[in-house]
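Participant: I am attaching a structure below and will ask some questions about it afterwards.
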Amino acid sequence: MRQKLTVEEQIDVMKRHGVLFEDCDENKAADFLTYNTYFFKLKVFENNFRKTEDGLYDGLDFAHLVDLSTIDYRLRALLSSLCLNIEHAMKARFNRLLMDDPNEDGYQIVREFDPERKYVFTGYNNERGGVYHYSPYSEEMVDKFCREPAAWNLWEVVSFSDLQAMYDCYIQKRGLRDNATTFNKSVRILRNAASHSSCLLIGLRREKGKEINPTSYFMTCLSEIGKILQYEDASIGKLKSAVRKYPLVHDYACTLMSFLVMVDSQGIRKSIGKSIQEFSDRFELKYQYSQMKQCPALRDISWGMRYASELAARYIDEHASDFKGNRILHTQPQPIGLRPNKARAAQMRQMAQGNQSAKERT
């Protein structure tokens, strides 16, 4: 256990560790630690900076920590917007599939997803051990519809993780493939981190020999958007390298690609595209982290995130109305093993014929 420290003692600890107070003096630092944040949350950004042989941070000023905490907040705000729109888009995509499926009434998939019926409402978790938490905003819907929920009832009250799992269950059982689901894990991780106000810009990287293995669809998306925007292969290759080394670059780029693939609303795309560009511009507004030798991981992460942001923002801006025509960057669920053109219609006819035959036999 470590001793509780006053703000003055916290500043003394940082000074002993080599943190400088030149761009931000100690009085302003004390105010920031008192009214804007707290020691434990701010100190984690030190991990971006390497230490000299005597164990002191190399060229780290308190102002860098303040700046990184602000950028981190803006990143979490952007991710919240991205992920909420991705979640809504997934529900809309799921709904389209259900409406087009003659063998699905909306209840069958819930029974397949929840054979133990744990999502059937029998009371709140503090009453009868149910899975639902009471909220005045969902009380009426849960009580009225979730005693025997359809998919469109259930996805309004379950977690994003459960929504993804139910969607995966549906496409697998219907013999479909949706490349967009390959982004789900990254989106979920960053959504949860942003929701819990977790610090993200903390210089994490994978050890050599344990690089991240991005999906082939994700790498294809990067190549496709680079080709459309006429970026040099070397720059796209450099981004792919950063994606393999740094979890934040990988997950952030995946979330951007998920947004491009899933979200159809041109108004939302334009608004989020502007936010992506504003975040990218803010990243190095005060300090050129991509040029700072004393923080090698942050240097690569800042470059990778800004480059991925530029790709997404430019694509949204320059392809505001024609994006739906791109089968890679706007992929749709397809029957496994069938040709994309007319494949879904053929499968649905086959499913309908099978359903009719079953009715005739009974």
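FYI, it's all coordinate maths here, none of it is from the lab. These numbers were taken from a predicted model, which means no experiment stands behind them. Heads up, the Cβs are rebuilt from the backbone with ideal geometry, glycines too, and the neighbour counts pull from every protein chain shown.
Participant: Using modelled backbone amide H atoms (1.01 Å from N, in-plane), which distant-in-sequence or interchain residues come within less than 5 Å of L20's amide H?
Facilitator: L60, D61, F62
Participant: Report the longest stretch of the chain that contains none of the GluC sites (Glu not before Pro) sitting in a DSSP loop with at most 10 other Cβ atoms within 10 Å. Spell out each step's value before the answer.
Facilitator: Details: sites that count: E22, E53, E116, E127, E207, E232.
Answer - 233-362.
Participant: To continue, here is another question. Just to confirm the number: angle between the C-alpha axis of helix 216-228 and the first principal axis of the chain, 0 to 90 degrees, nearest 10?
Facilitator: The angle comes out at about 70 degrees.
Participant: As I understand it, the value is the acute angle between the Cα axis of helix 26-35 and the longest principal axis of the Cα atoms of the chain; what does it come to in degrees, rounded to 10?
Facilitator: Compared with the principal axis, the helix lies near 30 degrees.
Participant: Also, quick follow-up: Can you give me the long-range amide H partners of R177? Hydrogens built in the peptide plane at 1.01 Å from N, cutoff under 5 Å, separation of 5 or more residues or another chain.
Facilitator: Q334, I336
Participant: If you don't mind, another one. If each DSSP helix of 4+ residues adds -39,500 (n - 2.57) and the sum is divided by the residues in the chain, what number results at 222 nm, nearest 500 deg cm²/dmol?
Facilitator: -18500 deg cm²/dmol
Participant: In degrees, nearest 10, range 0 to 90: what is the angle between the Cα axis of helix 160-173 and the longest Cα principal axis of the chain?
Facilitator: The answer is roughly 40 degrees.
Participant: If the cut-off is 22 Å between C-alpha atoms, which lysines fall inside it for K118, apart from same-chain ones fewer than 8 positions away?
Facilitator: Within the straight-line cut-off, K118 pairs with K91, K144, K173.
Participant: Related question: What does the charge dipole of the chain about its Cα centre add up to, to the nearest 20 debye, if the Cβ of each Lys and Arg holds +1 and the Cβ of each Asp and Glu holds -1?
Facilitator: Magnitude of the dipole: close to 1340 debye.
Participant: Per residue and in Å³, how big is the convex hull formed by the alpha-carbon atoms of the chain?
Facilitator: 196
Participant: Now, a different point. Counting pairs of alpha carbon atoms under 8 Å apart in space and at least six apart in sequence, what relative contact order in percent does the chain give?
Facilitator: Numbers: 393 pairs, mean separation 71.9, N = 362.
Relative contact order of the chain: 20 percent.
Participant: May I ask you to order 166-173, 148-155 by the average number of other C-beta atoms within 10 Å around their residues, highest value first? All intermediate terms of the calculation are to be shown ahead of the outcome.
Facilitator: On the way: 166-173: 17.8, 148-155: 19.5.
Top of the packing list down: 148-155, 166-173.
Participant: Can you sort M14, M99, M141 from fewest to most other Cβ atoms within 10 Å of each residue's own Cβ?
Facilitator: So the ranking, lowest neighbour count to highest, is M99, M141, M14.
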